[in-house]
Amino acid sequence: MVTEQLTEIYRLLFERFGHQHWWPGETQFEIITGAILTQNTNWANVEKAIANLKSADCLTPEKLYHLELSKLAELIRPAGYYNIKARRLKNFIDWLFENHRGELTNLESIDTDTLRVELLAIKGIGPETADSILLYALDRPIFVVDAYTARVAARHQLIESGADYEQLRELFQSNLPPDTGHFNEYHALLVKVGKEFCRKRARCSGCPLEILPHTLKHECF
Ligand code: SF4
């Protein structure tokens, strides 16, 4: 039943919005950098920070490993919270060098659950960032959850309002086949419908999911 509902939601969203082409980025490391920088800011600001890193020819683990923290912070200033985010990027890179010889290719042989535990142990890397890295950069079948996911799922009575990150991830992962491409597109489509229609104050009129049963009694997400 839940599987059918999730499948129908996807069908309606894809029919309306089509491919979302996530995650923008030319390399695995660019995607990882974007996933860390996008916390609490909009994507346009992340793009400016990434453009600065590219202009300075710094967008590789090796280059950032040797770059001073203060210089990194200056380059990513447009992304906001730049001192905190520079430290987080450095934490990721330090983990990569201390545990995996600085090579993203060395992560390929690690099973997904182990890798997720390792990523979550890096200071400043929360579940949404870790799962974005796993799905979009490392091609692992992990469903990424965010506030939009929570809102749509609760309003369509797929889960209790107030469900936590792991409960939401479990909802999708236990009811859908572990397909990286599908998870990629599904998360992007939920973000799209969340931004355009399923805001804090829902705009159900004209929403592609309007024809499905839903409730707006929970407005406090
Ligand atoms: S805006 Fe309304 S119809 Fe659209 S996803 Fe949110 S609750 Fe559902």
Simple spin-label estimate for ASP179/GLU196, 7 Å along Cα→Cβ, in nm, reads 2.2
Shape descriptor, the range 126-221: equivalent ellipsoid semi-axes (Cα gyration tensor, sqrt 5λ, whole Å, largest first) stand at 23, 14, 12
Rounded to two decimals, the Debye log10 I(q)/I(0) of the range 1-109 (Cα scatterers, no solvent) at q = 0.13, 0.14, 0.21 Å⁻¹ is -0.57, -0.63, -1.04
Between ALA56 and SER109, the FRET efficiency computed from the C-beta separation at R0 = 22 Å comes out, to the nearest 0.05, as 0.10
The FRET efficiency for MET1 and ASN40, from their Cβ-Cβ distance with R0 = 25 Å and rounded to 0.05, is 0.10
Set LYS90/LYS192; LYS90/LYS195; LYS63/LYS200; LYS54/LYS123, cut-off 29 Å on Cα-Cα distance; pairs above it are LYS90/LYS192; LYS90/LYS195; LYS63/LYS200
Cα-based Debye curve of the range 113-166 sampled at q = 0.14, 0.26, 0.30 Å⁻¹ gives log₁₀ I(q)/I(0) of -0.41, -0.97, -1.10
Per residue convex hull volume, Cα only, the chain, in Å³ is 121
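For the range 58-155, what is the per residue volume of the convex hull drawn over the alpha-carbon atoms, in cubic angstrom?
Numbers: hull volume 11.1 nm³, N = 98.
About 113 Å³ per residue, rounded to a whole number.
If you take the beta carbon distance between ALA147 and LYS48 as r and set R0 to 30 Å, what does 1/(1 + (r/R0)^6) give as a FRET efficiency, to the nearest 0.05?
Values: r = 24 Å, r/R0 = 0.79.
Given R0 = 30 Å and the Cβ-Cβ separation, E is 0.80.
None of the figures in this text is laboratory data; all of them are computed from the coordinates on show. Model, not experiment: these values are computed from the prediction. Ideal geometry is used to build each Cβ from the backbone, glycine not excepted, and the neighbour counts take in all protein chains shown.
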